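> One structure follows; several queries about it will come next.
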Amino acid sequence: MKKITYLYIIYLLLPIFLLAVGSFGQSWMNTLLPKGFTLDWYLELLHSTSYRNALLMSLQVCVTVCLVNLLVVAPLVYTLQLLNASWIKSLFRISALMPIAVPELVIGFGFILAFSSSTLPWLGSTWLLIIGHWVLTFPYFFFSLSADIEKSPLKTLDRVAQSFGASALKRFVTVFLPLASQSILTGLLTVAAISLGEFQLSNLIAGFMNRTYPTLLLQAFYGATGLACAATIILLLLATFISLTSNFLNWSHSKGRLQ
C-alpha cells in the first residue's frame, strides 16, 4: 500500500518537477531534461506586456467573481437557512449541482450559441467571462457556506435579533456574517483558486483582448518551452499560496473550536 502511495505522489510531483527544471533551462528539444541554466525566461515574463495583461485580466475576473459570490450567494444562503420549506432548499441544492455535473465544454458551447448571435453579440466580452467563471465557482461557495452555517445557531440568534426589532439587512450583517465569516473567507479562497486556474471555458468565450493567464499558457507551449514552463510555475505558486492560506484558515478555525 505504501509503494502505491509513493508511486502516486511521484506521479503527481514529476510533471511539476519537470516544469520547474524546464523554466531554468536554456533549451529543451527532444530530451528528458533541458540543457543549460538561465533566468532569462522569468526576466522575459517580467517585461512581457501580454503575460502581464493576461495575469491582470485573470486577477480582475477573479476579484469580481469573488465579489459577485459574496453579494449574491451569501444572502441566498442566509435566506434559505431561515426558510421552513425543505423543497425550496432541495430545489436550490439541485440547481447548484448542475454546473458541477455538466461538463465545462458543454457550458462553453452553450455560451457560444447564446451570445454569438446578432441578438446577443456579447461573446468575447469581459463581463461574459466573469459570468462564466461565476457559474463554475458558485456551487463550491454555496455548499461550503451552507454546510458550515447549518451547524450554527443562526435561526435562534436571528429570532432574538428580530424580537429586538432588527431589520433583515441588519440581522444579515450583525448575525449571519459573523457566524459565517470563516466559511465565507475559505469559500472565497476556493473560488479564487478555481477562477485563476480555469482554462476550458475561458478558452472558448474569452476574446483576444481579455485572454486570461491560463489561456495564454496554451499558446506559449507552441513557442518557447522555457517561457511556457516559467509562466506555468508562476501560476502554480499563486494557486499553492491560495490553497495553503485556505488550509491554514481552516486549521485555525478548527483549533479555535476545540479550545
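The values are calculated or read from the model by the stated rules, or taken from the named source; none is laboratory data. Every value quoted in this text rests on a predicted model; they were computed, and no experiment measured them. Neighbour counts are summed over all protein chains in view; Cβ atoms, including those assigned to glycine, are modelled from backbone coordinates with ideal geometry. All accessible areas refer to the heavy atoms of the entire protein, side chains included, with ligands and DNA or RNA removed. Shrake-Rupley method; radii C 1.70, N 1.55, O 1.52, S 1.80 Å.
> Just flag the chymotrypsin sites (Phe, Trp or Tyr not before Pro) in the range 191-251 sitting in loop per DSSP whose Cβ has no more than 16 other Cβ atoms within 10 Å. It would help to have the intermediate numbers written out before the result.
On the way: sites: 199, 208, 221, 222, 241, 248, 251; in loops: 199, 221, 222.
Filter output for the range 191-251: 199, 221, 222.
> Give the ranking of 140, 8, 42 by solvent-accessible surface, highest area first, calculated with a 1.4 Å probe.
8, 140, 42
> What is the distance in Å between the Cα centroid of the range 187-252 and that of the range 108-127?
The range 187-252 and the range 108-127 have Cα centres separated by 23 Å.
> Now, a different point. Run the dipole for the chain about the Cα centre, Lys and Arg Cβ at +1, Asp and Glu Cβ at -1, nothing else charged, and hand back the magnitude in debye, nearest 20.
Numbers: 14 positive and 7 negative charges, 152 e Å.
Result for the chain is approximately 740 debye, rounded to the nearest 20.
> Also, I was wondering about something else. Would you mind getting me the FRET efficiency between residue 93 and residue 119? Use the beta-carbon distance for r and R0 = 30 Å, nearest 0.05. All intermediate terms of the calculation are to be shown ahead of the outcome.
On the way: r = 33 Å, r/R0 = 1.09.
Using R0 = 30 Å, I get an efficiency of 0.40.
> Mind giving me the nanometre distance, one decimal, between the label points for residue 177 and residue 40, set 7 Å out from Cα along Cα→Cβ?
Using points 7 Å along Cα→Cβ, the separation is 5.2 nm.
> Scan the chain and note any complete DSSP helix (H) whose C-alpha atoms cover at least 15 Å along its axis and whose Kyte-Doolittle average is 0.0 or more. Before the final figure, lay out the partial values.
Numbers: long enough: 2-22 (29 Å, 1.68); 49-68 (28 Å, 1.25); 86-101 (22 Å, 1.01); 104-115 (16 Å, 2.23); 126-149 (33 Å, 1.30); 177-197 (29 Å, 1.51); 225-258 (49 Å, 0.97).
The qualifying helices are 2-22, 49-68, 86-101, 104-115, 126-149, 177-197, 225-258.
> Could you pull the Rg and Dmax for the range 111-176, using just the Cα atoms, both in Å?
Expressed in Å, the Cα Rg and Dmax of the range 111-176 come to 19.2, 54.
> Take the Cβ-Cβ distance between residue 20 and residue 147 as r, set R0 to 30 Å, and report the resulting FRET efficiency rounded to the nearest 0.05. Provide the component values of the computation, followed by the final result.
Numbers: r = 36 Å, r/R0 = 1.19.
With R0 = 30 Å, the Cβ-Cβ based efficiency is 0.25.
> Counting only protein chains, not ligands or nucleic acids, how are 57, 98, 29 ordered by accessible area (probe 1.4 Å), most first? Please list the in-between numbers first.
Details: 57 25, 98 100, 29 140 Å².
Most to least solvent-accessible, the answer reads 29, 98, 57.
> Sticking with this one: For the range 107-188, with all protein chains present and a 1.4 Å probe, just round the carbon and sulfur fraction of the accessible area to a whole percent.
Details: 2860 of 4170 Å².
On the range 107-188, the fraction of accessible area on carbon and sulfur atoms equals 69 percent.
> With all protein chains present, calculate the accessible area of residue 233 using a 1.4 Å probe and round the result to the nearest 10 Å².
Spelled out: residue 233, probe radius 1.4 Å, area about 20 Å².
> Please work out how much accessible surface residue 40 shows to a 1.4 Å probe, ignoring ligands, DNA and RNA, in Å² rounded to 10.
100
> So for the chain, averaging the separation of alpha carbon pairs under 8 Å that are six or more residues apart and normalising by length, what relative contact order in percent results?
Values: 260 pairs, mean separation 77.7, N = 259.
This gives 30 percent for the chain.
> Can you find, among 22, 7, 55, the residue farthest towards the positive end of the dipole of the range 1-111? Put +1 on the C-beta of Lys and Arg, -1 on that of Asp and Glu.
Farthest along the dipole direction, towards plus: 7.
> Another question, if that's okay. With +1 on each Lys and Arg Cβ and -1 on each Asp and Glu Cβ, how big is the dipole of the range 129-259 about its Cα centre, in debye rounded to the nearest 20? Don't jump to the answer; show the numbers that get you there.
On the way: 8 positive and 4 negative charges, 84 e Å.
The dipole of the range 129-259 has a size of about 400 debye.
> Same structure, new question: If each DSSP helix of 4+ residues adds -39,500 (n - 2.57) and the sum is divided by the residues in the chain, what number results at 222 nm, nearest 500 deg cm²/dmol? Intermediate values should be presented prior to the final figure.
Numbers: 13 runs with 193 residues, N = 259.
-24500 deg cm²/dmol, from helical runs alone.
> Any idea how far apart residue 32 and residue 167 come out in nm if each label point goes 7 Å out from Cα toward Cβ?
6.9
> Further, regarding this structure: Give me the percent relative contact order of the range 65-175, please, defined on Cα pairs under 8 angstrom at least 6 residues apart. Mind showing how you got there, number by number?
On the way: 53 pairs, mean separation 42.6, N = 111.
Over the range 65-175, the number comes to 38 percent.
> Give me the accessible area of residue 47, 1.4 Å probe, in Å² rounded to the nearest 10.
Number for this one is 140 Å².
> How much accessible area per residue does the range 108-259 have, in Å², with a 1.4 Å probe? Could the numbers behind the result be given before it?
Values: 7860 Å² over 152 residues.
Heavy-atom SASA per residue in the range 108-259 reads 52 Å².
> Something else about it: Take the alpha carbon atoms of the range 170-259, find their radius of gyration, then divide it by 2.2 N^0.38 Å using N residues; give the quotient. Walk me through the intermediate numbers first.
Values: Rg = 18.0 Å, N = 90, 2.2 N^0.38 = 12.2 Å.
Here the answer is 1.48, to two decimals.
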